[in-house]
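Visitor: Pasting in a structure now, in structure tokens, and then I'll have a few things to ask.
Bear in mind these aren't lab numbers, they're just calculated from the coordinates by the rules spelled out. Nothing here was measured: the structure is a model prediction, and the numbers come from that model. Cβ sites come from the backbone with ideal geometry, for glycine too, and all protein chains shown count toward neighbours.
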Amino acid sequence: MLRRLLKNFRFSVLPVPGRLIAVIFFAALFIIPLILPIPPYHMLVLTFTCIFAMFAVSWDLLSGYTGQVNFGHALFFGVGAYCSALLHKYLGWQPGVTIPIGAIVATFTGVVTCFPALRLRGPYLSLLTMAFPLMLLGMVIAFKDITGGEYGIMGLPPIAATGTAQYYICLIVMTVAVLIMWKLTDAGSKYVRTGLIFHAIREDEIAARASGINTIRYKLLAFAIGGLFAGIAGALYVHVLGIAGPSTLVMTMSFQAVIWVAFGGIVSIYGPIVGVLILYTLLHFLGIGGQTFIGKNQMLIMSIVVILILLFMPEGVAVWVRNKIERECPRCKLTNAAWRKECRACGANLH
Amino acid sequence: MPLIGRLIIQTLLKGGVYGLLASGFSLIFGMAHIINLAHTAFFMLAAYGMYYFMRELGWGAAQAIALTLVGVTLLGLLAYRFLLDRVRQHIVAVLLMTIALALAFQEVMLLAFSAHFLSAPTLITGSTHILGVSVPNQQLLTLGIVAVVMVMLWLLLTKTKLGVSIRATAQDAEVASLMGISVPRTLLITMGIATALAAVAGISVAPLWTVYPEMWTPPLVMVMVIVILGGLGSTKGSFIGAFIIALVENLVIFFMPSGSYLATVFALLAMVIVLVVRPAGLFGTIFEEERL
């Protein structure tokens, strides 16, 4: 088992720079808090980074891979958040129980949302889905006796005693979730067919149906998976923050997922993580203090950076970097480092 | 009776402004398939322009309107030419670009005027009795502007050569190009028209609505709802959708004053119902997927 893992590492991770960077990145996330003292505020930002990374990746799976561009992803986030908060408030259940239930309810919401969405495509679908979180937001504010209205539900227990423990729980959940979603969307996989089918649905739904794929079932599946992981993210978010407020449902939350994914690179699992890391984490680390020039003009600087970067890398930062450091072998379609002259498997000339 | 009179006036007013915004949004979507989330940011800029020129610099109405209209339209053209046109092939990049653009405008206005609630001076004073209610003349003027611009837009799109080339490009850019229409130029002109429509809406509501840096978000949601309701790419649909949504909003506000924050919810509900019954909106066509 261990030997196989090592062999895999040596032959399919080491020669591909992108995969190596991903492994080093995750290892760093796990190790750095152990060796470096990190102030509590930074720890909290890192915890939120994990949660938002999961949220953004789930949007990428639904909208990037399957092509069902969802402008209301905050619906699943908010349902997961409010569900676990309400269960705690009225039944006194602990986060260990409420978070999974919140995630399941969010999955169910994803399936229900899909039914009206099945008839629509393209921009009509995007804008229909945009309406759902806003309608739920209206309901939350209308029934303020139950949901706490604008102030939200306060006093939720944290998922662990210390900030570091919370960070590790969120990190582990995020890593597992991202691995599952990466496997599910891997078009080259021999064992899981969903990746290939999601790609097929995005590229040409009619052709996919003509090839005997039950596209409705797979669209439902994509909505359910997107809902599940966004729901977990939402439930974790409110327990780390301590408050479940309407901010989990607002349009900004939905568009934030779009911004992160588009910035990092759509239709790639690592793109959203890079997007969150640059646009959320880096910004928060730079923005501390509030009196510096950057602190005051955070939003302005962010939007100008986004505009400038998009002009030069319209496919997203991560995809742009990947295309610079990796090259696909024209003969055997194996990924190689860009600086190799010959393919590492079949020896074909790469230039 | 006064209640109904007021309802009609308010619906016409709001519907007209929404209609101007939505038709511009729909025009640029139908042409270039750009979902321009910065569309209402131009509307916000125009409102600020009116405020700045009239209140802070004390200019006359004519100068202020002219400079705001030209300035905002020029800004829209520049944004299209140097930012949007370059990433037009990547749909998600366009989305991100327009959001970033709108946020940048918002932040610049925040820096320049801070987060105060402002209002531009009215262009004319006094009020008139219509339908048993007294209506400020400013509202009537806004209604007049909206009506004139609507008719002008309709004439432009149906009667002129430019309008024909715009509609041809929207239907099939490749064939339009074969017929000798310069597609990039037509797209640029359409973007100019769309931004000018947003600017006119901003100019006409600056004295009526409060002007603040985030004033572009509530109309943006409504504009998207209207455009979907009426059918993407259909100008007629946008105007009819605008009046339907304005009526729904005002009905909620008039008959449930305590639940006026639910206006948006009911407007969205109207859109969802229309979409479930007619997946392409009231007057829209389902865009054929591009198959290669």
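Visitor: Can you return the lysines within cross-link range of B:K159? Criterion is Cα-Cα under 28 Å, with same-chain partners fewer than 8 residues away left out.
Guide: Answer for B:K159, where 28 Å is the Cα cut-off: B:K14, B:K236, listed by chain and number.
Visitor: Here's something else I'd like to know. Which of rounded, prolate, oblate describes region B:1-100, given a ≥ b ≥ c as roots of the alpha-carbon gyration tensor eigenvalues and a/c under 1.5 marking rounded, otherwise prolate only if a/b is larger than b/c?
Guide: oblate
Visitor: Could you work out, residue by residue across A:116-127, how many beta carbons of other chains sit within 10 Å of that residue's beta carbon, and then give the average as an integer?
Guide: Mean number of neighbouring Cβ atoms from other chains: 6.
Visitor: Still on this model: Cross-link candidates for A:K324: which aspartates and glutamates have Cα within less than 16 Å, leaving aside residues fewer than 8 places away along the same chain?
Guide: By straight Cα distance, A:K324 reaches A:E315.
Visitor: Peptide A:299-310: average number of partner chain Cβ atoms within 10 Å per residue?
Guide: Details: counts 6, 8, 2, 4, 12, 5, 1, 7, 12, 2, 2, 10.
That works out to 6 on average.
Visitor: When chain A is modelled as a GNM with alpha-carbon springs shorter than 10 Å, which of A:Q298, A:Q256, A:Q94 fluctuates the most?
Guide: Ranking A:Q298, A:Q256, A:Q94 by mean-square fluctuation puts A:Q298 first.
Visitor: Using the Cα gyration tensor of region A:104-202, with a ≥ b ≥ c the square roots of its eigenvalues, what is the shape: rounded (a/c below 1.5), prolate (a/b larger than b/c) or oblate (neither)?
Guide: oblate
Visitor: Further, regarding this structure: Taking every pair of alpha-carbon atoms in the protein assembly as shown, what share in percent sits in each 10 Å bin, from 0 to the bin with the longest distance?
Guide: In order of increasing distance, the bins hold 3, 14, 24, 26, 18, 9, 3, 1, 0 percent.
Visitor: Based on Cβ point charges of +1 for Lys and Arg and -1 for Asp and Glu, what charge dipole magnitude is obtained for the protein assembly as shown about its Cα centre, in debye rounded to the nearest 20?
Guide: Values: 38 positive and 21 negative charges, 329 e Å.
That gives a dipole near 1580 debye.
Visitor: Shifting gears a bit: What spacing in nm lies between the two simple spin-label points modelled at A:K190 and A:V13, each 7 Å away from Cα in the Cβ direction?
Guide: Between A:K190 and A:V13, the simple spin-label model gives 2.0 nm.
Visitor: Compute a Gaussian network model of chain B, connecting alpha carbons closer than 10 Å, and tell me which residue from B:I203, B:I130, B:I181 fluctuates the most.
Guide: Comparing B:I203, B:I130, B:I181 in a Gaussian network model of chain B, the most mobile one is B:I130.
Visitor: Follow-up question, since we're still on this one. Can you give me the distance in nm between label points at B:V175 and B:L251, each placed 7 Å from the Cα along the Cα-to-Cβ direction?
Guide: The modelled label-to-label distance comes out at 3.9 nm.
Visitor: Where the Cα atoms of region B:20-214 are projected onto their three principal axes, how long is each span, largest first, in whole Å?
Guide: Cα spread of region B:20-214 along its principal axes, largest to smallest: 55, 40, 28 Å.
Visitor: Roughly how crowded by other chains is peptide A:69-78, in terms of the mean Cβ count from those chains within 10 Å of each of its Cβ atoms?
Guide: That works out to 1 on average.
Visitor: Would region A:99-140 count as rounded, prolate or oblate if I go by the C-alpha gyration tensor, calling it rounded below 1.5 in a/c and otherwise prolate when a/b exceeds b/c, oblate otherwise? Write down the numbers at each step before the final one.
Guide: Values: a/c = 3.01, a/b = 1.46, b/c = 2.06.
In terms of gyration-tensor shape, oblate.
Visitor: If you look at just the Cα atoms of chain A, how large are its Rg and its Dmax in Å?
Guide: When restricted to the Cα atoms of chain A, Rg and Dmax are 21.0, 69 Å.
Visitor: So what's the angle, to the nearest 10 degrees on a 0 to 90 scale, between helix B:235-255 and the longest Cα principal axis of chain B?
Guide: 30 degrees
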